[in-house]
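The values are calculated or read from the model by the stated rules, or taken from the named source; none is laboratory data. From a predicted model like this one, the values you see are computed outputs, not experimental measurements. We place every Cβ from the backbone using ideal geometry, glycine too, and count neighbours over all the protein chains shown. Quick note on the areas: whole protein, heavy atoms, side chains included, nothing else; ligands and nucleic acids left out. Shrake-Rupley method; radii C 1.70, N 1.55, O 1.52, S 1.80 Å.
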Amino acid sequence: MRPSRLILPLLLLLPAFPVPPEAGRIPDIATIEVDATGPVHFSHYRHLEKLGNNCKQCHNQLYNIRSAENPRVTMKEMAAGQSCGACHNSRRAFTVTSNCYRCHPTREVAFAVPDIGDVVFSHQVHLSMFGCGDCHPGLYRAGGDNPRVSMEQMEQGLSCGACHDGAAAFGVAGDCAACHAM
Ligand code: HEC
Ligand code: HEC
Ligand code: HEC
Ligand code: HEC
Ligand code: HEC
Ligand code: HEC
C-alpha cells in the first residue's frame with residue numbers, strides 16, 4: 001500500500017486552522033519529474049514552516065496527494081497562477097518568471113576526456129547569459145544519457161559547438177585549454 005493511502009483519511013479530518021506539527025507523518029521531499037530540466041524537489045517541511053502547518057493551503061485544491069491525479073503544468077500556466085505560481089508570484093513568494101535555479105537545481109557537469117584532459121561545463125557561468133531553454137532539451141536532455149560528441153561533430157555545430165564557433169563564443173577549434181584541463 002502506498003503511504004498516501006494511509007494519509008488520505010487523516011487529511012480529511014484536518015481542521016482548517018493551523019494544526020500541530022504533522023511533518024513527521026509525511027515525507028519531506030515530493031519529487032516532480034520534469035524531462036526538460038531534471039527533477040524538482042519540493043520540500044514539505046520548508047513550506048509547512050512558512051505556512052503555519054496548514055495542509056489545506058495546497059491539498060487537495062492545488063494538488064491531489066495522489067500524484068497521478070495531478071495534471072502536468074507548464075511554466076506559462078504557473079506564471080498565470082496555477083500550481084506553484086498560486087503563491088510564487090513575487091507577492092507571497094519569489095516569482096516563477098525568474099529564480100529558475102531555486103526550484104530547478106543545477107550543478108557543474110564533468111566530462112571525462114582521459115587523453116587530453118577533463119572538461120567541466122559550468123552552469124553557473126552560462127546561466128549569467130542564458131536560460132535553461134537555450135540549451136534544454138534542444139541541445140542536451142537534462143535527464144542525462146546524452147550521446148558522446150566528438151570534437152569533429154562540435155566543429156560542425158553540435159553540443160558546445162552550437163555556440164562555441166568563434167563568433168558567438170570562442171571556438172572549439174581554437175583554444176583547447178579554455179575547456180580542457182591540460
Ligand atoms: C505548499 C503546498 C503544500 C502544502 C502546504 C502541503 N503539501 Fe503535500 N504536496 C504538495 C506537492 C506539490 C506535492 C506533490 C504533488 C505531485 O507529485 O504531483 C505533495 C504531495 C503530498 C503527498 C504525496 C507524497 C508522495 O510522495 O506521493 C502527501 C501524502 C502529502 N502531500 C501530504 C500533505 C500533508 C499531510 C500536508 C500537511 C501536513 C501537506 N501535504 C501540505 C504540496 C503541499
Ligand atoms: C500555498 C503557497 C505556496 C505554494 C503553492 C508553493 N509555495 Fe513554495 N514557498 C511558499 C512560501 C510562502 C515560501 C517562503 C517565501 C519565499 O521564499 O519567498 C516558499 C518557499 C519556497 C522555496 C524556498 C525554500 C527554502 O529553502 O527556503 C522553494 C524552493 C519553493 N518554495 C518551491 C516551491 C515549488 C517547487 C512549488 C510547487 C510544486 C511551491 N513552492 C508551491 C509558498 C508556496
Ligand atoms: C517555484 C518553483 C519554480 C520556479 C521558480 C521555476 N520552475 Fe520550472 N517547474 C517547476 C515545477 C514544479 C515544474 C513541473 C510542473 C509539472 O510538471 O506539473 C516545472 C516545469 C518546468 C518546465 C517543463 C514545463 C514547461 O513549461 O515546458 C520547464 C522547461 C521549466 N520548468 C523551466 C523553468 C525556467 C526556465 C524557470 C525560470 C524562468 C523556471 N522553470 C522557474 C517549478 C519551478
Ligand atoms: C549553455 C547551455 C546550458 C544552459 C543554459 C543550461 N544547461 Fe543544463 N546542462 C548543460 C550541459 C552541457 C549539460 C550536460 C549534458 C550531458 O551530461 O551530456 C547539462 C546538464 C543538466 C542537468 C543534468 C546534470 C547532471 O547531473 O548530469 C540538469 C538537471 C540541468 N542541466 C538543468 C538545467 C537547468 C534547470 C537550467 C536552467 C536553470 C539549465 N540546465 C541551463 C547545458 C546547459
Ligand atoms: C547556448 C550557447 C552556449 C553553449 C551551448 C555552450 N556555451 Fe560555453 N559559453 C557561451 C558564451 C556566450 C560564453 C562567453 C563568451 C566567451 O567566453 O566567448 C561561454 C563561455 C564558456 C567558457 C568560459 C567560462 C569563463 O569562466 O569565462 C567555457 C569554459 C565554456 N563556455 C565551456 C563550454 C562547454 C564545455 C560547453 C559544452 C559542454 C559549452 N560551453 C556550451 C555560450 C555557450
Ligand atoms: C568549448 C569547449 C571545448 C573546446 C574549446 C575544446 N573541447 Fe574538446 N571536448 C569538449 C567536451 C565537452 C568534450 C566531451 C564531449 C562528450 O563527451 O560528449 C570534448 C572531447 C574531446 C575529445 C574526445 C572526443 C574526440 O573528439 O575524440 C578530444 C580528443 C578533444 N576534446 C580534444 C580537443 C582539442 C585538441 C581541442 C583544441 C583544438 C579541444 N578539444 C577544444 C569541449 C571542448
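In the list 71, 105, 147, 114, which residue meets the criterion of being in contact with a strand residue (DSSP E or B) (Cβ under 9 Å, 6 or more places away or on another chain), assigned to a loop (DSSP other than H, G, I, E, B) and not charged (D, E, K, R)? Let's see the steps before the verdict.
Values: 71 fails: in contact with a strand residue (DSSP E or B) (Cβ under 9 Å, 6 or more places away or on another chain); 147 fails: in contact with a strand residue (DSSP E or B) (Cβ under 9 Å, 6 or more places away or on another chain); 114 fails: in contact with a strand residue (DSSP E or B) (Cβ under 9 Å, 6 or more places away or on another chain).
Step by step, each of 71, 105, 147, 114 is checked, and only 105 is in contact with a strand residue (DSSP E or B) (Cβ under 9 Å, 6 or more places away or on another chain), assigned to a loop (DSSP other than H, G, I, E, B) and not charged (D, E, K, R).
Of all residues in the range 117-129, those that are closer than 15 Å to residue 181 by Cβ and either within 16 Å of ligand 2 (Cβ to nearest atom) or open to solvent by 90 Å² or more (accessible area, probe 1.4 Å) (or both) total 1.
In the range 22-56, which residue that is part of a loop (DSSP other than H, G, I, E, B) and within 16 Å of residue 101 (Cβ to Cβ) is least open to solvent (accessible area, probe 1.4 Å)?
Filtering the range 22-56 down to residues part of a loop (DSSP other than H, G, I, E, B) leaves 22, 26-28, 33-39, 51-54.
Subsequent filtering for residues that are within 16 Å of residue 101 (Cβ to Cβ) retains 34, 36-39.
Working: 34: 43, 36: 39, 37: 39, 38: 7, 39: 50 Å².
So the residue we want is 38.
Please go through the range 15-34 and give me each residue that is modelled with pLDDT of 80 or more and not aliphatic (A, V, I, L, M), ordered by number. Break it down into steps so the answer makes sense when it comes.
Narrowing the range 15-34 to residues modelled with pLDDT of 80 or more: 26-34.
Within the range 15-34, 27, 28, 31, 33 qualify.
Applying the selection to the range 58-68, what residues are among the polar types (S, T, N, Q) and either open to solvent by less than 70 Å² (accessible area, probe 1.4 Å) or touching a strand residue (DSSP E or B) at 6+ places or on another chain (Cβ under 9 Å) (or both)? Within the range 58-68, 60, 64, 67 meet the criteria.
On the basis of being surrounded by 11 or more Cβ atoms within 10 Å (Cβ to Cβ) and over 17 Å from residue 130 (Cα atoms), does residue 144 make the cut? Reasoning before the result, please.
On the way: surrounded by 11 or more Cβ atoms within 10 Å (Cβ to Cβ): no; over 17 Å from residue 130 (Cα atoms): yes.
For residue 144, the condition - surrounded by 11 or more Cβ atoms within 10 Å (Cβ to Cβ) and over 17 Å from residue 130 (Cα atoms) - is not met.
Beta carbons closer than 9 Å, at least 6 apart along the sequence or on distinct chains, pair a first residue in the range 98-115 that is closer than 16 Å to residue 131 by Cα with a second that is loosely packed, with under 13 Cβ neighbours inside 10 Å and aliphatic (A, V, I, L, M) for 108/120.
Working carefully through the options 79, 178, find the one that is touching a helix residue (DSSP H, G or I) at 6+ places or on another chain (Cβ under 9 Å) and among the aliphatic types (A, V, I, L, M).
Working: 178 fails: touching a helix residue (DSSP H, G or I) at 6+ places or on another chain (Cβ under 9 Å).
Testing whether each residue is touching a helix residue (DSSP H, G or I) at 6+ places or on another chain (Cβ under 9 Å) and among the aliphatic types (A, V, I, L, M) leaves just 79.
What's the total number of residues in the range 131-157 that are closer than 20 Å to residue 37 by Cα and either hydroxyl-bearing (Ser, Thr, Tyr) or at pLDDT 90 or above (or both)?
Here is the first cut: in the range 131-157, the ones closer than 20 Å to residue 37 by Cα are 131-148.
Those left that are additionally either hydroxyl-bearing (Ser, Thr, Tyr) or at pLDDT 90 or above (or both): 134-135, 139-140, 146-148.
Counting residues in the range 131-157 that are closer than 20 Å to residue 37 by Cα and either hydroxyl-bearing (Ser, Thr, Tyr) or at pLDDT 90 or above (or both) gives 7.
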